[in-house]
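Peer 1: One structure coming up, written as structure tokens, with questions to follow.
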Amino acid sequence: VQLQASGGGLVQAGDSLRLSCAASGRTFSSYATGWFRQGPEKEREFVAATGWSSSSTDYTDSVKGRFTISRDIAKNTVYLQMNSLKPEDTAVYYCAARLGTYRSTRKQDYAYWGQGTQVTVSS
């Protein structure tokens, strides 16, 4: 499966953005999906993940209550709605997919990755 992330940009603290990750090649219905991010001089870290159902989700503590991961199987797309953005959310955001139902928080469990989209939050 090939992944294409989009939707990043430059915003001010408190603003919202919605990232999209479109899949091609295979249907998303057989894959768990996740979002990760990598800030300047930082390792790539887990942000959010969902299993086959959008009701099965997991978030890193720093984004709980602000970010929402969802997926539209018909559009073969997974989304990351980001509200109340903070400067510390600044990073390149990557979508990822793994075959199966388990919504892993570990980047090494994901075999497929998008190219990343830059999110910059100014204070």
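The values are calculated or read from the model by the stated rules, or taken from the named source; none is laboratory data. What you see is a predicted model, and the numbers here were worked out from it, not measured in a lab. Cβ coordinates were reconstructed from backbone atoms using ideal geometry, including for glycine residues, and neighbour counts include every protein chain displayed. Side chains are part of the model used for accessible areas, which takes the heavy atoms of the whole protein and leaves out ligands, DNA and RNA. Shrake-Rupley method; radii C 1.70, N 1.55, O 1.52, S 1.80 Å.
Peer 1: If the label point is 7 Å along Cα→Cβ of THR120, which residues in the range 8-38 have backbone nitrogen under 15 Å from it?
Peer 2: Under cut-off, by backbone N: 8-13.
Peer 1: Something else: Where only protein heavy atoms count, and the probe is 1.4 Å, what is the accessible area per residue for the chain in Å²?
Peer 2: Working: 6120 Å² over 123 residues.
Value for the chain: 50 Å² per residue.
Peer 1: May I pose another question? With springs only between Cα atoms under 10 Å apart, run a GNM on the chain and tell me which of GLN38, GLN81, GLN108 wobbles the most.
Peer 2: GLN108
Peer 1: Would you list, by chain and number, the lysines whose Cα falls below 21 Å from the Cα of LYS42, excluding same-chain residues fewer than 8 positions away?
Peer 2: Partners within reach: LYS64, LYS86, LYS107.
Peer 1: From the P(r) of the chain, could you give the percentage of C-alpha pairs in the tail past 20 Å?
Peer 2: Working: 2532 of 7503 pairs.
Tail of the P(r) past 20 Å holds 34 percent of the pairs.
Peer 1: Would you mind calculating the relative contact order of the range 1-60 from Cα pairs under 8 angstrom and at least 6 residues apart, reporting the percent as a whole number? List each step's numbers first, then the result.
Peer 2: Details: 77 pairs, mean separation 14.4, N = 60.
Normalised by residue count, the contact order of the range 1-60 is 24 percent.
Peer 1: Within the chain, what's the longest stretch lacking trypsin sites (Lys or Arg not before Pro) that sit in DSSP loops with no more than 14 other Cβ atoms inside 10 Å?
Peer 2: Working: sites that count: ARG26, LYS42, LYS64, LYS75, ARG106.
Longest site-free region, per DSSP loop and neighbour criteria: 76-105.
Peer 1: Taking the range 1-83, which chymotrypsin sites (Phe, Trp or Tyr not before Pro) meet the DSSP loop condition and have no more than 15 other C-beta atoms within 10 Å? Numbers along the way, then the final one.
Peer 2: Working: sites: PHE28, TYR31, TRP35, PHE36, PHE46, TRP52, TYR59, PHE67, TYR79; in loops: TRP52.
The qualifying sites: there are none.
Peer 1: Just to confirm the filter: which GluC sites (Glu not before Pro) across the range 14-123 are DSSP coil and have at most 12 other Cβ within 10 angstrom of their Cβ?
Peer 2: Values: sites: GLU41, GLU43, GLU45, GLU88; in loops: GLU41, GLU43.
When the GluC sites (Glu not before Pro) of the range 14-123 are filtered for loop state and at most 12 Cβ neighbours within 10 Å, GLU41, GLU43 remain.
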